[in-house]
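Participant: Structure below; questions to follow.
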Amino acid sequence: MVTSDKLFAGSIPEIYDRYLVPLIFESYASDLGGRLAKANPKDVLETAAGTGVLTRAMASRLPESAHIVATDLNQPMLDHAKMRQSGKGRVEWKQADALALPFKDQSFDAVACQFGVMFFPDRIKGYKEARRALKPGSHFLFSVWDRISENDFADTVTEALATVFPDDSPRFLARTPHGYHDAEQIRADLGAAGFTKVSIEAVDARSKAPSPLDAAVAYCQGTPLRNEIEARNRSRLDEATTKAAEALARRFGNGPVDGRIRALVITAIQ
Ligand SMILES: C[S@@+](CC[C@H](N)C(=O)[O-])C[C@H]1O[C@@H](n2cnc3c(N)ncnc32)[C@H](O)[C@@H]1O
């Protein structure tokens, strides 16, 4: 992982929340929120909460008495999440690195993390921290993306950008969000962190946007792929976005677009 892969700041949080969340995160947040609610936890910790799509899904499913602490490494993502959250006191927001959680041992009945662990520079350390924060017998629920070839729009955008920067193509999407999908590796990392009961399920969904340009803006401008494009040539961000939109239009049409997405949803018991 390169350093800029974990930088969600500047105009990224706003574009992420507006374009990328409805495109790929909302349906998985609804699924994970439902799974978590079944365990009926009282104290929930969320790591890598981003702009709060899973936080909102959990808040709408858990009883009023449940307390949710939502954390993220990047304060600008949490600022955006806070703005979007209705109801006072339902959620406590706190900036925190998932690899060094500022909580006592055995503080939570559940830990949830949607599409965050791929960004951890040391996943075993992140898993150990989640395990330390959990009460005995409670659940760590998280998700990762499957390989990029199973995720149509991300794959198409990555191929298109290779034509814009042929000598040094931006590989953020393949390298980081889609770079940790080997179920055996995930089991081994969880085992190394002390989790013994682990289940991993592939979950398919559809990714839909009103136009190819909306999907291109989501990926090229609302994720750290933007940092990677701008590092090559700041003035070529619009051109790169247009090329990605053209490639999406060639494959999925000029109107509303609809593509495959696949995630792995993991449950590990403390
Ligand atoms: C793809 S986003 C997922 C956000 C949110 N869970 C969602 O589903 O929309 C990845 C998030 O991981 C956060 N992140 C990256 N490294 C982190 C770390 N070491 N600890 C906590 N959060 C981290 C980023 O700030 C970003 O908000």
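Participant: Run Tyr19 past the list (1) more than 9 Å from the ligand (Cβ to nearest atom); (2) without any contact (Cβ under 8 Å) to a residue 60 or more places away in the chain; (3) surrounded by 17 or more Cβ atoms within 10 Å (Cβ to Cβ) and report the number of the one that doesn't hold.
Facilitator: The failed condition is (2).
Participant: Additional query: Can you name every residue in region 232-249 that is hydrophobic (A, V, I, L, M, F, W, C) and over 13 Å from Gly10 (Cβ atoms)?
Facilitator: Matches in region 232-249: Ala240, Ala244, Ala245, Ala247, Leu248, Ala249.
Participant: Regarding Thr71, is this residue within 11 Å of the ligand (Cβ to nearest atom), assigned to a helix (DSSP H, G or I), polar (S, T, N, Q) and within 30 Å of Glu228 (Cα to Cα)?
Facilitator: no
Participant: If we keep just the residues of region 77-135 that are more than 11 Å from the ligand (Cβ to nearest atom), β-branched (Val, Ile, Thr) and touching a residue at least 40 places away in the same chain (Cβ under 8 Å), which is nearest to Leu7 (Cα to Cα)?
Facilitator: If we take residues in region 77-135 being more than 11 Å from the ligand (Cβ to nearest atom), β-branched (Val, Ile, Thr) and touching a residue at least 40 places away in the same chain (Cβ under 8 Å), then Ile124 is nearest to Leu7 (Cα to Cα).
Participant: As an exercise: evaluate Ala110 against (1) in a strand (DSSP E or B); (2) under 23 Å from Leu248 (Cβ atoms) and give the number of the one condition it does not meet.
Facilitator: Only one criterion is unmet by Ala110, namely (2).
Participant: Search region 198-210 for residues that are over 12 Å from Asp31 (Cβ atoms) and pair each with any residue that is modelled with pLDDT under 95 and among the small types (Gly, Ala, Ser) when their beta-carbon atoms are under 7 Å apart and the residues are at least 6 apart or on different chains.
Facilitator: Pairs that qualify, where the first residue is over 12 Å from Asp31 (Cβ atoms) and the partner is modelled with pLDDT under 95 and among the small types (Gly, Ala, Ser): there are none.
Participant: I want to confirm something. Restricting to region 1-11 and keeping residues that are in a helix (DSSP H, G or I) and either free of Cβ contacts under 8 Å to residues at least 40 places away in the same chain or within 9 Å of the ligand (Cβ to nearest atom) (or both), which single residue is nearest to Arg226 (Cα to Cα)? Write out each step before concluding.
Facilitator: Here is the first cut: in region 1-11, the ones in a helix (DSSP H, G or I) are 3-6.
Still in the list and also either free of Cβ contacts under 8 Å to residues at least 40 places away in the same chain or within 9 Å of the ligand (Cβ to nearest atom) (or both): 3, 5-6.
Details: Thr3: 13, Asp5: 10, Lys6: 12 Å.
If we take residues in region 1-11 being in a helix (DSSP H, G or I) and either free of Cβ contacts under 8 Å to residues at least 40 places away in the same chain or within 9 Å of the ligand (Cβ to nearest atom) (or both), then Asp5 is nearest to Arg226 (Cα to Cα).
Participant: Among residues belonging to region 39-56 that are surrounded by fewer than 19 Cβ atoms within 10 Å (Cβ to Cβ) and modelled with pLDDT of 95 or more, point out the one that is nearest to the ligand (Cβ to nearest atom).
Facilitator: It comes out as Asp43.
Participant: Looking at region 163-196, which of the residues that are over 18 Å from Ala244 (Cα atoms) and loosely packed, with under 15 Cβ neighbours inside 10 Å is nearest to the chain's Cα centre (by Cα)?
Facilitator: Asp182
The values are calculated or read from the model by the stated rules, or taken from the named source; none is laboratory data. What you are looking at is a predicted structure, and each value in this text was computed from that prediction instead of being measured. FYI the Cβ positions are ideal-geometry reconstructions off the backbone, even for glycines, and counts take in every protein chain you see.
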